[in-house]
Structure formats: structure tokens, C-alpha cells
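Take a look at the structure set out below.
The values are calculated or read from the model by the stated rules, or taken from the named source; none is laboratory data. Computed from a predicted model, the values in this text were never measured in an experiment. In this analysis, Cβ positions are derived from the backbone assuming ideal geometry, glycine residues included, and neighbour counts consider all displayed protein chains.
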Amino acid sequence: MNKLTMVLITATAIIAMTVGIWFGKQSDISFGSQSPVKPEVIQGAIYPSAKIINDFALLNQHSNKVTKADFLNHWSLIFVGYTHCPDVCPTTLNVLNKVNEFMTAQKVQAPKIVLLTVDPQRDTPAVLKPYVEYFNKNILALTGDPAEIKALTQQLNAVYRKAKGASGDIEKDDYAMDHSSALMLINPNGNLQSILTPPHTPANIIDSVIKSQAYFESQYK
């Protein structure tokens, strides 16, 4: 049995177990007599009350405008990064693509994958399009005005900064971008529901996503 098959089996088992546990918990609730469901423990944290995200205006890889309205009525996983990132970004996008494949195969709605660049100077829509399509053509890539990106990352509790590259000169075009490696899970209301911290594996992410989704649903029963 190869490594990929083992990972798929593990992820499948986590989906089944997590959904089963939550269905069991919800069936025991007698509304009006029970306390509100508390967030489950995940690798990171589920917000008891989702953090409100203010509206924003960015561009996707097709140069189309994207606002908060585009995040409504579905779940999204946002990862901040950039196309010149040597290791963390491509590795994380590969893992997120596996999450999408595993959840889809199990007929569980997977969150939309979103790459929010923290390097708009180099990451234009034309640069982002082939980059994300290499991993998955359905990934949404976002760029735009640096001030808009900064405002959104602050709301997402993500941080980043420009750093020296191989040349040692931060003003050269080989500069790097140090950035957060957490994933931000956005709920169907377009607000920040959970922060998923590394190490990121398909199993860890799927477990965190399903528990976050179940908690969100429990608030509307």
C-alpha cells in the first residue's frame, strides 16, 4: 500500500468519524433545555462567535473584481503567500488540493481554496493565473492594491513583511516575503470562523474544517 493510499484512508476515516460524532451530539440536544454547543478542539481555534470581516475590493487571476459578496453561501480556506515563495506556499497548496480531492471523493462539500498574495508588486493577475492553475484550476487567487491587502490580512490575523532575498539587498527583485503559515476558514456569511495552525496535513485540515462547519451549523438550529 503506497503512501498516498494510506493518507486517503486516514482522511476518509476522519471524515466518517468526525461527522458521526457530531451527528450523535446533535441528536442528544433538546432545544431550550441545553446549553449552546461549544467549539470543538481543533489544530488551531474555532471562534465562538465568528470574527466579522469588513468588505474589501481585490482582483482575481482573471482581473475581475472580488469583494466579500463573493465569499457568501459557501466555505473558503484562505492561505496568504506569494508566487516566489520557495517551499511553504507550494507545499501548502499541494496539501489543500489533496483536501479538495479527498472531501469531494467522499461527497463532502470542500471549502474553496483561496491564495491571497502578500506580494502584489510582483503577483499580478497574469502571474497568478498559471501559478494557481498548476495546482488546481479552481483555486481563487487574489491580488490588488497593497493597502486593501494589508487591511484584509489584518482582519484575518495574518502578518507579513518584506525580507532580503539571495542577493542580500531588500531592494533587489529577488526579495522575499515572510508571512503567516496559518489557514483562515471563512464561513458562508463571509466571516472568519476558524484559524488552522500548522503542521498542515490533509487529515488535520479535514478534521478542523468539518468540526468548524458543524459548530457553525449548530448555531442556527
Quiz item: I186: of a type in the set (V, I, T), out of contact with any Ser or Thr (no Cβ under 6 Å at 6 or more places or on another chain), modelled with pLDDT of 95 or more and surrounded by 18 or more Cβ atoms within 10 Å (Cβ to Cβ), yes or no?
Solution: no
Note: among S33, S49, just one is assigned to a loop (DSSP other than H, G, I, E, B) and either modelled with pLDDT of 95 or more or out of contact with any strand residue (DSSP E or B) (no Cβ under 6 Å at 6 or more places or on another chain) (or both), namely S33
Here the residues within segment 158-181 that are surrounded by fewer than 17 Cβ atoms within 10 Å (Cβ to Cβ), of a type in the set (A, V, I, L, M, F, W, C) and under 22 Å from T92 (Cα atoms) are V159, A163
Scanning segment 137-154 for residues that are surrounded by fewer than 16 Cβ atoms within 10 Å (Cβ to Cβ) and not acidic (D, E), the one farthest from N191 (Cα to Cα) turns out to be K137
Only unsatisfied item for V88, checking (1) under 11 Å from the mean Cα position of the chain (by Cα); (2) surrounded by fewer than 18 Cβ atoms within 10 Å (Cβ to Cβ); (3) aliphatic (A, V, I, L, M), is (1)
Scanning segment 102-122 residue by residue, those in contact with a helix residue (DSSP H, G or I) (Cβ under 7 Å, 6 or more places away or on another chain), part of a loop (DSSP other than H, G, I, E, B) and closer than 23 Å to Y175 by Cα turn out to be V118, P120
Residue pairs within 8 Å by beta carbon, gap of at least six or interchain, first lying in segment 70-86 and in contact (Cβ under 8 Å) with a residue 24 or more places away in the chain and under 13 Å from S181 (Cβ atoms), second part of a loop (DSSP other than H, G, I, E, B) and among the acidic types (D, E), listed first then second, are Y82/D119; Y82/D123
Matching residues in segment 129-167 (touching a Phe, Trp or Tyr at 6+ places or on another chain (Cβ under 6 Å) and under 25 Å from N54 (Cβ atoms)) number 3
Of those in segment 115-125 that are free of Cβ contacts under 8 Å to residues at least 60 places away in the same chain and not hydroxyl-bearing (S, T, Y), the residue surrounded by the fewest Cβ atoms within 10 Å (Cβ to Cβ) is Q121
The correct count of residues that are over 18 Å from L96 (Cα atoms) and assigned to a strand (DSSP E or B) in segment 59-77 is 6
Those residues of segment 35-60 which are among the aromatic types (F, W, Y) and within 16 Å of L152 (Cβ to Cβ) amount to F56
Looking across segment 144-171 at residues that are hydroxyl-bearing (S, T, Y) and over 16 Å from L77 (Cα atoms), the single one that is modelled with the highest pLDDT is Y160
